[in-house]
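> Sharing a structure here in structure tokens format.
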């Protein structure tokens with residue numbers, strides 16, 4: 001049986017140099033140079049076997065890709081036909097008088113609208129019934145006793161003897177803040193727990209001038225509180241006391257009324273108070289460097305006395321901050337917490353829940 005070999009003598013043999021394959025039978029010798037041949041028959045057979053195995057594998061891979069592509073094409077065609085069929089079914093239902101609502105389990109729109117109307121009507125009836133029941137149920141405060149026909153009703157507006165207007169009643173404050181009428185509707189954790197009317201937050205920019213007796217009573221009250229201030233040194237107290245005692249000019253510039261338990265002002269009140277101190281006549285008075293502003297804060301008589309004193313001081317601080325930060329006042333400003341009015345002489349009834357700004361020229 002013939003075999004195949006190659007000559008390895010590349011220097012002196014042309015057949016070896018060109019890589020020519022040589023058939024031989026018997027002894028493997030190069031016919032040109034006589035050198036031994038290297039047999040390659042085994043490797044040729046192995047290469048052919050590998051090629052024969054690779055061909056069917058490639059064929060199977062190509063067939064698999066073809067089958068997958070055909071399946072994808074058929075699936076897409078079926079989905080496209082279903083998509084085109086859905087609008088036709090929707091149009092047919094619309095022609096029959098029933099519109100379908102998207103995203104709501106394909107329930108007819110008229111059925112859903114009717115159900116929503118029934119639900120809203122039921123809720124409205126329930127709310128009305130609850131409101132009527134609450135209105136008809138009498139509260140303990142609203143029960144009238146013999147001899148007191150106005151028991152349980154909000155008190156009438158009472159004009160302050162020293163303020164330039166009426167103090168709002170508790171009923172008015174409740175309507176302004178919560179839209180509901182009722183006594184003591186605003187809770188106060190700091191004190192002021194009495195049942196007196198809670199004034200709405202207002203600013204009196206033109207308070208009524210005090211009589212000489214009222215002015216002297218105010219001086220006495222302020223002097224009393226200045227002497228008890230814990231934050232002020234004795235030297236500062238002495239200077240301030242002297243200015244108040246010997247004041248040749250003392251005028252109440254503004255009165256700020258707070259709601260019950262409140263120690264802060266709304267933005268509108270801040271703007272109104274700041275605008276007052278920018279008026280020309282007041283700016284002319286503030287041009288005197290000796291002018292001092294005394295900001296006296298008050299609380300009502302209800303609740304704990306110490307807490308009310310703290311609350312009155314916080315109210316005075318809130319007004320002082322407006323004068324310095326928003327109105328740009330450069331004159332000396334002193335805050336005095338006056339506490340509840342039962343701690344004072346009791347000659348002025350309009351000091352509850354308020355802050356007074358006094359201009360003092362020694």
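> Taking the simple approach of a point 7 Å from Cα along Cα-to-Cβ for both residue 224 and residue 249, what is their distance in nm?
Taking the two extended label points, one gets 2.9 nm.
> Something else now. Could you tell me the calculated FRET efficiency between residue 231 and residue 284, based on Cβ-Cβ distance and R0 = 30 angstrom, to the nearest 0.05?
For residue 231 and residue 284, the calculated efficiency is 0.40.
> Mind checking the full-extension length gain between residue 2 and residue 17? Use 0.36 nm per residue of separation minus the Cα-Cα distance, one decimal, nm.
Numbers: separation 15, 0.36 × 15 = 5.40 nm, distance 2.25 nm.
Extra length available between residue 2 and residue 17 comes to 3.2 nm.
> If neighbour count is taken as other Cβ atoms inside 10 Å, put 211, 312, 262 in order from fewest to most.
If I rank by nearby Cβ atoms, fewest first, I get 211, 262, 312.
> Still on this model: Tell me, 298, 17 in order of fewest to most beta-carbon neighbours within 10 Å?
17, 298
> At a Förster radius of 25 Å, what calculated FRET efficiency corresponds to the Cβ-Cβ distance of residue 40 and residue 60, to the nearest 0.05?
0.20
> Ranking 320, 205, 290, 27 by Cβ neighbours within 10 Å, fewest first, what do you get?
Ranked by crowding around the Cβ, least crowded first: 27, 290, 205, 320.
> Another one. Under a point spin-label approximation (7 Å from Cα along Cα-to-Cβ), what is the residue 27-residue 268 distance to one decimal in nm?
12.8
> Taking R0 as 30 Å, what's the FRET efficiency between residue 325 and residue 206 from their Cβ-Cβ distance, rounded to 0.05? Let's see the in-between values first.
On the way: r = 24 Å, r/R0 = 0.78.
After rounding to 0.05, the efficiency reads 0.80.
Quick note: the coordinates plus some simple rules give every number you see, no bench work behind them. Remember, it's a predicted structure, so these values are computed and weren't measured experimentally. Cβ sites come from the backbone with ideal geometry, for glycine too, and all protein chains shown count toward neighbours.
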